[in-house]
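Student: Below is one structure. I have some questions about it.
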Amino acid sequence: MTSSSGTPLADFASTIVQWQQEHGRHHLPWQGTRDPYRIWLSEIMLQQTQVATVIGYYERFLQRFPDIAALAAASQDEVMPYWAGLGYYARARNLHRCAQTLVAQWNGRFPEQSADIATLPGIGPSTAAAIAAFAHGERSPIMDGNVKRVFTRYFGIHGITSERATEKALWEQAHAALACAPASLDMIAYTQGLMDLGSQRCTRGRPACAACPLQAGCYARRNACQHELPTPKKKKAIPERLCLMLVARHNDHILLERQPSPGIWGGLWSLPKYEDRLTLEAASLALGMSGAPPQKMAAFSHTFTHFKLHIEPWYTEVGSGGAVMEVGKGRSWTAIGELSETALPAPVRKILDGLFF
DNA sequence: GACGCGTGGGT
DNA sequence: TACCCAAGCGT
């Protein structure tokens, strides 16, 4: 990890504030509020997730769970359908846990200081700083993907950003930028401005340097190395797996299995999964006497961060003549009409929507 | 420090 | 197509 020296710093934060006020985003659904609950919800949803994806989920979640008390009073089964399809479901489980922690230990309200906020489930240092800055104007720096891009390029910080030394340099630079800023700095505009700059100007592919307010002092611009920063991390080949999913229908019901957490899709309901055809057929038989063996449907693949799943859906109708077995212990015959309100992972939703809707 | 954890969009 | 990633955190 190396870094340049002598980069102008005094006007860094003020420049970003001024730019944000003129060119930044001001009408996102979670802007214009100081309500820590709304700010928190948006920050969690936005982790590793794009703004356009979040907006609909945010509005629906807020309508159903308008405040900490409403969320804390709900069960996890009531919460998960409002997160289904958004991914990284531990975020929703931690969100729910956090609401209950706030009620039990913090009088139902968020603590004000980022150091306290960061002790809560699912809230790390960057999210805690964002909540404290947006809700109370606390002068704590965030350090997300956008800020890392802006900082590595502007200050010439080389090194893979997840490595300890680089991470440390980034946080120290973030604190230094704030320490040099005027006492009157608008922390809301600064925090938002850093993210707006990262997402609208200092983009990964083709950064719009000519329209960037920091272009004059930018290390990467000066050295024409925008594409080398942030230092790219070597990627690892991801494994591939085959997964057979059984769509077992009994009258107007479909068999679903609750996914354990932690684990993939933890807290959601999936179709029963099998590694091979023999296992799937045996399971199908165990459900009850069926007239016909399971039929293979159109296969497709779904890529996760860490592996690629080849999915084969198999359809079978469980005859009314045989007893319908295997209910309970994390299994459920769910009415087709209730699927739209069931917390299903995206690929499962895709299979069932294709069949019934 | 490495890995587990989703999904949809951009190139 | 295949790959890169996007407002990270927990273990």
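The values are calculated or read from the model by the stated rules, or taken from the named source; none is laboratory data. Owing to the predicted nature of the structure, the values given are computational and were not obtained by experimental measurement. Backbone-built Cβ (ideal geometry, glycine too); neighbour counts: all protein chains shown. Heads up: the accessible areas ignore ligands, DNA and RNA and are worked out on the full protein's heavy atoms, side chains in. Shrake-Rupley method; radii C 1.70, N 1.55, O 1.52, S 1.80 Å.
Student: Between residue A:47 and residue A:295, what's the calculated FRET efficiency when r is the beta-carbon distance and R0 is 35 Å? Round to 0.05. Walk me through the numbers on the way to the answer.
Tutor: Details: r = 40 Å, r/R0 = 1.14.
Efficiency, from the Cβ-Cβ distance: 0.30.
Student: Taking +1 at the Cβ of each Lys and Arg and -1 at the Cβ of each Asp and Glu, which of A:283, A:90, A:304 sits farthest along the dipole of chain A towards its positive end, judged by Cα position relative to the Cα centre?
Tutor: A:304
Student: Size of the dipole of chain A about the Cα centre, Lys and Arg at +1 and Asp and Glu at -1 on the beta carbon, nothing else charged, in debye to 20? The partial results should precede the final answer.
Tutor: Working: 35 positive and 30 negative charges, 203 e Å.
It works out to roughly 980 debye.
Student: Roughly how many Å² is the accessible area per residue of chain A, as a whole number, for a 1.4 Å probe?
Tutor: On the way: 17600 Å² over 357 residues.
Per-residue accessible area for chain A comes out at 49 Å².
Student: Let me ask you something else. Run through the stretch A:216-317 and list the chymotrypsin sites (Phe, Trp or Tyr not before Pro) located in a DSSP loop whose Cβ has at most 16 other Cβ atoms within 10 Å. Intermediate results must be reported in sequence, preceding the final value.
Tutor: Numbers: sites: A:219, A:265, A:269, A:274, A:300, A:304, A:307, A:314, A:315; in loops: A:265, A:304, A:307.
Counting only loop positions with at most 16 other Cβ atoms within 10 Å, the chymotrypsin sites (Phe, Trp or Tyr not before Pro) in the stretch A:216-317 are A:304, A:307.
Student: For chain A, what is the percent of antiparallel DSSP beta bridges, rounded to the nearest 5? Kindly include the intermediate steps, with their values, before the conclusion.
Tutor: Numbers: 18 of 28 bridges.
Counting only bridges with both partners in chain A, antiparallel ones make up about 65 percent.
Student: Right, another one. Amide H of residue A:254 versus every other amide H placed in the peptide plane: which residues, excluding those fewer than 5 positions away on the same chain, fall under 5 Å?
Tutor: Amide H neighbours of residue A:254: A:334, A:335, A:336.
Student: Please give the charge dipole size of the stretch A:240-356, origin at the Cα centre, charges +1 on K and R Cβ atoms and -1 on D and E Cβ atoms. Round to the nearest 20 debye.
Tutor: Numbers: 11 positive and 12 negative charges, 44 e Å.
My answer is approximately 200 debye.
Student: Compare A:171, A:106 by solvent-accessible area with a 1.4 Å probe and give them largest first, with all protein chains kept in place. Could you put the intermediate results ahead of the total?
Tutor: On the way: A:171 55, A:106 85 Å².
The residues order as A:106, A:171, largest area first.
Student: Calculate one ³J(HN,Hα) per residue across the stretch A:20-34 by plugging θ = phi - 60° into the Karplus curve 6.51 cos²θ - 1.76 cosθ + 1.60, and present them in order as whole Hz with x for glycine and proline.
Tutor: 4, 5, 8, 10, x, 8, 10, 10, 5, x, 9, 8, x, 10, 10
Student: Separate question: Step through the table entries A:168/A:308; A:329/A:350; A:234/A:296; A:233/A:308, compare each Cα-Cα distance with 28 Å, and write down the pairs that go over it. Don't skip to the end; give the middle numbers.
Tutor: Values: A:168/A:308 33 Å; A:329/A:350 25 Å; A:234/A:296 38 Å; A:233/A:308 20 Å.
Over 28 Å apart, Cα to Cα: A:168/A:308; A:234/A:296.
Student: Using each residue's phi in the stretch A:150-155, evaluate 6.51 cos²θ - 1.76 cosθ + 1.60 at θ = phi - 60° and report the 3J(HN,Hα) Karplus result to the nearest Hz, with x for Gly and Pro.
Tutor: For the stretch A:150-155, the Karplus curve yields 4, 6, 4, 6, 5, 9 Hz.
Student: Over chain A, with every protein chain in place, what whole percent of the accessible area is carbon and sulfur at 1.4 Å, could you tell me?
Tutor: Values: 9010 of 17600 Å².
Of all accessible area on chain A, carbon and sulfur atoms account for 51 percent.
Student: Sticking with this one: If you average 1/r over every pair of different alpha-carbon atoms in chain A and take one over that average, what Kirkwood value in Å do you get?
Tutor: On the way: mean 1/r = 0.0433 Å⁻¹.
Taking the inverse mean of 1/r over all distinct Cα pairs, chain A comes out at 23.1 Å.
Student: Projecting each Cα onto the charge dipole of chain A (Lys/Arg +1, Asp/Glu -1 at the beta carbon, about the Cα centre), which of A:126, A:225, A:293 comes out farthest on the positive side?
Tutor: Highest projection toward the positive end goes to A:225.
Student: In deg cm²/dmol and to the nearest 500, what is the mean residue ellipticity at 222 nm of chain A if only DSSP H runs of at least 4 residues count, each as -39500 (n - 2.57), divided by the residue total? Can you show the working numbers first?
Tutor: Numbers: 14 runs with 147 residues, N = 357.
Computed mean residue ellipticity for chain A: -12500 deg cm²/dmol.
Student: For the stretch A:240-356, what is the Kirkwood estimate of the hydrodynamic radius, computed as the reciprocal of the mean inverse distance between distinct Cα atoms, to one decimal in Å? Please report the intermediate quantities before stating the final value.
Tutor: Values: mean 1/r = 0.0691 Å⁻¹.
Kirkwood hydrodynamic radius for the stretch A:240-356: 14.5 Å.
Student: If you take the charge dipole of the stretch A:12-228 about its Cα centre, with +1 on Lys and Arg Cβ and -1 on Asp and Glu Cβ, which of A:189, A:74, A:146 is farthest toward its positive end?
Tutor: A:146
Student: How far apart, in nm, are two points set 7 Å out from the Cα along the Cα-to-Cβ line at residue A:308 and at residue A:136?
Tutor: Computed distance between label sites residue A:308 and residue A:136 equals 4.8 nm.
Student: Which values, in whole Å and largest first, are the semi-axes of the equivalent ellipsoid of the stretch A:180-228 obtained as the square root of 5 times each eigenvalue of the Cα gyration tensor? Provide the component values of the computation, followed by the final result.
Tutor: Working: eigenvalues 103, 35, 12 Å².
In descending order, the three semi-axes are 23, 13, 8 Å.
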